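This report concerns only the one structure given below.
The values are calculated or read from the model by the stated rules, or taken from the named source; none is laboratory data. Since we're looking at a predicted model, the values are computed, not measured. So basically every Cβ, Gly included, is an ideal-geometry build from the backbone, and we count neighbours across all protein chains shown.
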C-alpha cells in the first residue's frame with residue numbers, strides 16, 4: 001500500500017458517497033420529520049452498517065455471503081422489503097399530510113434509537129455494499145494486503161460517509177423551517193417515497 005493509492009481510494013469513495021442512494025433518502029426524511037438528533041443517529045446507523053460490512057469483507061466473511069446464493073438472496077429481498085416499507089410510510093405521510101409543529105433538538109424518547117435502526121437496517125440489508133467492498137478494495141490495496149490495511153480502507157470509507165451525512169443533516173436542519181411547511185413536506189415525502197421504492201426496485205432487479 002502507498003499513500004497515493006490511499007488518496008486515490010478516498011477520492012473514489014467520496015465520488016460514490018456523493019451519489020444519492022437509499023441512505024441519503026433515509027437520513028433526509030428522518031431529519032425533516034424529527035430534527036437534527038434523529039437525523040444524526042440515522043447517519044450513525046448508516047456508518048455502523050458500513051463499518052460492519054467493510055470489516056466483514058476485509059476478514060473474508062463478505063465473500064462467503066456473496067458466494068452463498070441463498071443467503072445473498074435472502075439479504076437482498078429483506079433489503080427490498082425494508083425499502084418498500086419505508087417508501088410506503090413516506091407516501092402514507094404525504095397522503096395524510098398531518099405534521100406536528102417543529103420541535104427543537106430534544107426529540108421525543110425513542111427517536112434516536114428509531115433513527116439509528118432505520119439507518120442501520122437500510123444499509124445492512126443491501127448486499128451490494130458487501131459486493132462493493134469486495135470488488136473495490138483489492139483494486140487499491142492488492143490481493144495480498146494485510147487485514148489491518150483492508151480494515152483501515154473500509155473504515156475510511158465509513159468515516160467519509162459519516163462526515164458527508166452529518167453535513168447533509170446540518171444543512172437540512174438549517175433549512176427545516178422552510179422545508180417543513182405542510183405543502184413542501186408533502187412533496188418531499190412523496191418524492192422520498194418514490195426514491196425509496198425506486199431503490200428497492202433496482203435492488204430487486206439487480207443481479208449479483
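Residue 20 falls short on exactly one of the conditions (1) buried (at least 23 other Cβ atoms within 10 Å of the Cβ); (2) outside any helix (DSSP H, G or I), and that condition is (1). Of 88, 80, all but one fail to be surrounded by fewer than 15 Cβ atoms within 10 Å (Cβ to Cβ), assigned to a helix (DSSP H, G or I) and under 19 Å from the mean Cα position of the chain (by Cα); the exception is 88.
The single condition among (1) assigned to a helix (DSSP H, G or I); (2) at pLDDT below 85; (3) surrounded by 15 or more Cβ atoms within 10 Å (Cβ to Cβ) that residue 45 does not satisfy is (2).
Condition test on residue 179, is it surrounded by 14 or more Cβ atoms within 10 Å (Cβ to Cβ), closer than 21 Å to residue 53 by Cβ and either at pLDDT below 75 or within 16 Å of the chain's Cα centre (by Cα) (or both)? It is false that residue 179 is surrounded by 14 or more Cβ atoms within 10 Å (Cβ to Cβ), closer than 21 Å to residue 53 by Cβ and either at pLDDT below 75 or within 16 Å of the chain's Cα centre (by Cα) (or both).
Residues of region 48-77 that are modelled with pLDDT of 75 or more and within 14 Å of residue 150 (Cα to Cα): 50, 51, 52, 53, 54, 55, 56, 57, 58, 59, 60.
Given the condition modelled with pLDDT under 75, more than 23 Å from residue 6 (Cα to Cα), out of contact with any strand residue (DSSP E or B) (no Cβ under 7 Å at 6 or more places or on another chain) and assigned to a helix (DSSP H, G or I), answer yes or no: does some residue in region 159-176 qualify? Outline the logic, then answer.
Within region 159-176, the subset modelled with pLDDT under 75 is 176.
Filter once more, so that each one left must be more than 23 Å from residue 6 (Cα to Cα): 176.
If we keep only those that are out of contact with any strand residue (DSSP E or B) (no Cβ under 7 Å at 6 or more places or on another chain) as well, we get 176.
Right, trim to assigned to a helix (DSSP H, G or I) and you get 176.
Yes: region 159-176 contains one or more residues that are modelled with pLDDT under 75, more than 23 Å from residue 6 (Cα to Cα), out of contact with any strand residue (DSSP E or B) (no Cβ under 7 Å at 6 or more places or on another chain) and assigned to a helix (DSSP H, G or I).
Collect the residues in region 121-130 that are crowded, with 21+ Cβ neighbours inside 10 Å and either more than 13 Å from residue 196 (Cβ to Cβ) or touching a residue at least 60 places away in the same chain (Cβ under 8 Å) (or both), keeping them in residue-number order.
Residues of region 121-130 that are crowded, with 21+ Cβ neighbours inside 10 Å, as a first pass: 122-127, 129-130.
Result: 122, 123, 124, 126, 127, 129, 130.
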